[in-house]
Amino acid sequence: MSFVVVTALAHSASAQAFSRSFSVPPETSELEVVNQEGTIKVTAGANTAKIIINARYNENAAKIGAMQNAQGKVKVEVTGQGTVDFEITVPASSDLDLLSYKGAIVVTNLAGEVRARITDGNIQIAGLRSHRVEAHSTQGNVSFSGEVLPSGSYTLKSYSGRVDATLPANADFKLSAASFRGGMDLGAFQMKYDKQTHQLVEGSHGAGRASVSLWTQEGSIHLHRKP
Amino acid sequence: MECRAVINSLSDFLDSQNIWISDDEVKQIETHLTNCPACQNLKLELSEIKTAARELPLHTPPRAMWTRITNVIEAEISAENAPLHQTKNVSGWWGRLKSRKFTFSLPQLAAGGALTSALIIAGISGIFVPHSGTLDFVGLQNALLLPDEGEIKAQLERRMDAVNARKANWDSQRRAEFEQRMIKIDESLNRCRYMLKDNPKDAVHQEMVRALYSEKRQLLEDVERLRW
C-alpha cells in the first residue's frame, strides 16, 4: 500500500498538466495538433461546441502553445523536446490535422475529415464516419475501422509497418492496395479485380463509389470485414 | 580541445557509430563545436558530403570482382609478410593499418574523396557495362525513369538543402534517426528504380517509385512542420 502511495506522489511531483478549452462552431470546427513526442488521443465529446485539450508531460524542455484563429480553427503546437500526451475531445464533426514525430495517434468516433501523420509510431482510427481519412506512418502500423461513405476517400499508408482496414460488409468502394515486400490479405471481400499482381491489387466492391487506398513498402496489408 | 584535433577527428565523430573515438573524445568535440563557429561550419559541410554520398545507389559487385580484390590483397599481404610469417594473418595487417596514424588536410581529403569516387564510378562502369551491355549503374542514378522525375528530384533536393542547413542544430539522436530513415527509403527507391529501368513501362514499379519519392517528401515536410 505504501509503495502505491509513494509511486503516486512521485508521479504527481514530476508530471505537469496542461488544460485549455475553446468554443468552436459546432459544424465547422477544425483542430490541428503538432506534437514532438507522445500520444495524441482525440475523441468526440458530449459538448458539440467545445474543443477541450488536456495534456500531461514530464518536466522537460517541451513547450505547449494553443491558439485559435479568427475562423475558429484551434492549433496546438509543442516545441522543444520532451514527451507530451494529449487527450482531446472535440465536436464529432470536427476536421482534424494531427502530426507527431514519435509516439501514437488514436482517433475515435468522429465524423469530420481526419489527417493523421506520424514518423515513428502507430496510428489507430476507429468508429469513424468520415468522408475523408488520410493516415500515414513511416515506421509504425496504421489501422482504420469505420464506415465507408459514398464518394469518400480513405488513404492508409506506412513505409515499414502493417496496414489494417476494417470495413462494413456492404461497403461500396474501389480498392488500390500496394505492398512491395510484405504481402496482402484481401480475402474478406469478394472483389472484382481489375489488376492483380503480387505487389499491386486494384479492384472494386459494389459499385466502387468510395476510394480506398492502402500502401506499404515493407509491411503487409490486411483488409477485414466488420462482423 | 584545439581546432586541429577536432578537424582530424571530425569524420569519425560524424560516423553515427562513433566506433573509432572514445566517449570522452566525443564529449570534448561536442563542447568544442558549441563554441567554435568555424568547426561547426566544417562539420555541417562534412555532413552534407556524407548525405550526398548516401544518395549514391548501393551496388553489389559480382562475386568475381570480390575474388579479384581478395587475390590482390592476399598477394600484397604475402609479399609483405613473407620474411616474417609463413601463414596469412588478416588481423595482423588490419591491426597495422589501424595503428598507423594518417594526417590529411581537408583539401587532401576532398581530393582523395573525389578521386576515390571517380575510380569507383569508372571501375563500376568499366566492369559492368562491357559484360552486361545493359547494366549501367551510373546511368541508373542519373536516368529519368518517370516523365516528371527531374522535377521531383529537383524539388526534393531544394527541400533537402534547406533541411541540411538546419541539421547541425538538431539533437544528435534526431539527426541520426532522420538520416537512417532517409537511407532506408533511398535503398528501397534504388531497388525499385533498378527494376523500373529494366521494364520502364511497368506501372507497378512506377507507382512504387512515386510512393517512395512521396515518402521522402513527407519526411522533409514533417521536419518543416515540427520546426526542427
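The values are calculated or read from the model by the stated rules, or taken from the named source; none is laboratory data. Given the structure is predicted, the values throughout are model-derived calculations rather than measurements. Ideal geometry is used to build each Cβ from the backbone, glycine not excepted, and the neighbour counts take in all protein chains shown. These accessible areas exclude ligands, DNA and RNA; they are computed on the full protein's heavy atoms, side chains included. Shrake-Rupley method; radii C 1.70, N 1.55, O 1.52, S 1.80 Å.
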A:LEU223 in a strand (DSSP E or B), more than 21 Å from B:LEU212 (Cα to Cα) and under 21 Å from the mean Cα position of the chain (by Cα):
yes
Taking A:ILE53 and the conditions (1) open to solvent by 60 Å² or more (accessible area, probe 1.4 Å); (2) part of a strand (DSSP E or B); (3) farther than 28 Å from A:SER160 by Cβ, which numbered condition does it fall short on, given that it satisfies the others?
(1)
Considering only helices (runs of 4 or more DSSP H) wholly within segment B:104-195, the ones with at least 2 residues that are in contact with a Leu (Cβ under 6 Å, 6 or more places away or on another chain) and modelled with pLDDT of 60 or more are B:149-167
Any idea which residue in segment A:170-179 is surrounded by the fewest Cβ atoms within 10 Å (Cβ to Cβ), counting only those that are hydrophobic (A, V, I, L, M, F, W, C) and within 12 Å of chain B (Cβ to nearest Cβ)?
A:ALA178
Given the conditions (1) over 23 Å from B:ILE49 (Cα atoms); (2) more than 10 Å from chain A (Cβ to nearest Cβ), every one holds for B:GLU187 apart from (1)
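Please state which one of A:GLY203, A:GLY182 is open to solvent by 10 Å² or more (accessible area, probe 1.4 Å) and either of a type outside the set (S, T, N, Q) or not in a strand (DSSP E or B) (or both).
Values: A:GLY203 fails: open to solvent by 10 Å² or more (accessible area, probe 1.4 Å).
One residue alone meets the criteria, A:GLY182.
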How about segment A:206-224: which of its residues are farther than 30 Å from B:ARG193 by Cα and either within 14 Å of chain B (Cβ to nearest Cβ) or surrounded by 15 or more Cβ atoms within 10 Å (Cβ to Cβ) (or both)?
A:GLY206, A:GLY208, A:ARG209, A:ALA210, A:HIS224
Conditions: (1) in contact with a Ser or Thr (Cβ under 8 Å, 6 or more places away or on another chain); (2) within 14 Å of chain B (Cβ to nearest Cβ); (3) closer than 18 Å to A:THR39 by Cβ; (4) not hydrophobic (A, V, I, L, M, F, W, C). A:ASN109 meets all but one. Number of the miss?
(2)
With the requirement that a residue be within 11 Å of chain B (Cβ to nearest Cβ) and open to solvent by less than 10 Å² (accessible area, probe 1.4 Å), what does segment A:34-48 give you?
A:VAL34, A:ASN35, A:GLN36
Tally the residues that are buried (at least 18 other Cβ atoms within 10 Å of the Cβ) and under 19 Å from B:ASP148 (Cα atoms), restricting the search to segment B:208-226.
7
A:HIS198 - would you say it is under 30 Å from B:GLU221 (Cα atoms) and either within 14 Å of chain B (Cβ to nearest Cβ) or surrounded by fewer than 23 Cβ atoms within 10 Å (Cβ to Cβ) (or both)?
no
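Quick grid of which residues meet (1) more than 10 Å from chain A (Cβ to nearest Cβ); (2) of a type in the set (A, V, I, L, M); (3) under 30 Å from A:GLY80 (Cβ atoms); (4) under 19 Å from the mean Cα position of the chain (by Cα):
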residue: B:LEU144; (1), (2), (3), (4): yes, yes, no, no
residue: B:ILE152; (1), (2), (3), (4): yes, yes, no, no
residue: B:ALA165; (1), (2), (3), (4): yes, yes, yes, yes
residue: B:GLN173; (1), (2), (3), (4): no, no, yes, yes
residue: B:ARG193; (1), (2), (3), (4): yes, no, no, yes
residue: B:ASN199; (1), (2), (3), (4): yes, no, no, no
residue: B:ALA203; (1), (2), (3), (4): no, yes, no, no
residue: B:GLU207; (1), (2), (3), (4): no, no, no, no
Which ones in segment B:213-228 are more than 7 Å from every other protein chain (Cβ to nearest Cβ) and within 21 Å of A:GLU218 (Cα to Cα)?
B:TYR213, B:SER214, B:LYS216, B:ARG217, B:LEU220
Say we look at segment A:50-81 and pick out the residues that are within 14 Å of another protein chain (Cβ to nearest Cβ) and more than 17 Å from A:ILE118 (Cβ to Cβ); which of these is modelled with the lowest pLDDT?
A:ASN60
What is the one condition in (1) over 19 Å from the mean Cα position of the chain (by Cα); (2) open to solvent by 70 Å² or more (accessible area, probe 1.4 Å) that B:ASP161 does not satisfy?
(1)
